[in-house]
Amino acid sequence: MKLAYLLLFYSGMRIGELLALSPADFDFSAGTINISKSVMMSTGKVTTPKTPYSVRVVSMPPALMKEVQDYINHFMEPPERIFTYSQKVYRDYLKRYAIKAGVPPIHVHDLRHSHASYLIHNNVPVTTISRRLGHANASVTLSVYSHMYEESAGDVAVMLEKAFILWSKRGHRRKIKIRVPYK
């Protein structure tokens, strides 16, 4: 269970994409996951992803890739699909873990939103986030996560204040002459 939640958070993939993963989707030498299919929740069948843009290669932390490799190696014969539980099982366990930890429960899809939020707050370009999430373009990402950029407006003022103080300390400050055009 834990490995599934870690992959959902650190990749930003959808639960259906996670459930469709096979060992062949992992390139351990490159440290990437090839996301090219999804499990339909209604039928449990593996299908093409939500949109053509959902087909993507996502880079992952090496330590997490090692965990995945160790997990796959525990099988006598590599499985067709790595994660075989239904979405409901992952939802129920996540709820149970939240209650046990004394925090409000979240939905499995919230791990995807948390991934995007983490990247936004670490100044990853929106185009990179968009590709990583499998969005058609940055406009889609901005329409979903624009409120997070608005939250960082105060950070911009602080950053600009630091730059202004540094600039003024270097002696670049001088009187600005205002010229009034002739009437």
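The values are calculated or read from the model by the stated rules, or taken from the named source; none is laboratory data. Quick caveat, the model's predicted, so the values are computed rather than measured. When we count neighbours, we look across all protein chains shown, and the Cβ atoms used for this are built from the backbone with ideal geometry, even at glycine. Note: areas computed on protein heavy atoms with side chains; ligands, DNA, RNA excluded. Shrake-Rupley method; radii C 1.70, N 1.55, O 1.52, S 1.80 Å.
A few notes on this one:
- Only one of VAL144, VAL57 that is surrounded by 12 or more Cβ atoms within 10 Å (Cβ to Cβ) and more than 26 Å from SER22 (Cβ to Cβ): VAL144
- Criterion: more than 26 Å from LEU119 (Cα to Cα) and free of Cβ contacts under 8 Å to residues at least 24 places away in the same chain - qualifying residue of SER42, SER36: SER42
- Selection within the stretch 29-53: residues that are open to solvent by less than 60 Å² (accessible area, probe 1.4 Å), over 19 Å from the mean Cα position of the chain (by Cα) and β-branched (Val, Ile, Thr). The member of this set that is farthest from HIS109 (Cα to Cα) is THR47.
- Taken together, PHE75, PHE9 contain a single residue that is part of a helix (DSSP H, G or I), open to solvent by 20 Å² or more (accessible area, probe 1.4 Å) and on the phi < 0 side of the Ramachandran plot, which is PHE9.
- Top-ranked residue in the stretch 12-21 [being open to solvent by less than 20 Å² (accessible area, probe 1.4 Å) and not aliphatic (A, V, I, L, M); ranked as farthest from TYR90 (Cα to Cα)]: GLY12
- Residue match in the stretch 91-98 (condition: hydrophobic (A, V, I, L, M, F, W, C) and over 21 Å from LEU6 (Cβ atoms)): no
- Residues satisfying the stated conditions in the stretch 60-72, i.e. part of a helix (DSSP H, G or I), touching a helix residue (DSSP H, G or I) at 6+ places or on another chain (Cβ under 7 Å) and either open to solvent by 20 Å² or more (accessible area, probe 1.4 Å) or among the aromatic types (Phe, Trp, Tyr) (or both): GLU67, TYR71
- Filter result (touching a helix residue (DSSP H, G or I) at 6+ places or on another chain (Cβ under 7 Å), open to solvent by less than 90 Å² (accessible area, probe 1.4 Å) and assigned to a loop (DSSP other than H, G, I, E, B)) within the stretch 82-108: ILE82, PHE83, PRO105, ILE106, VAL108
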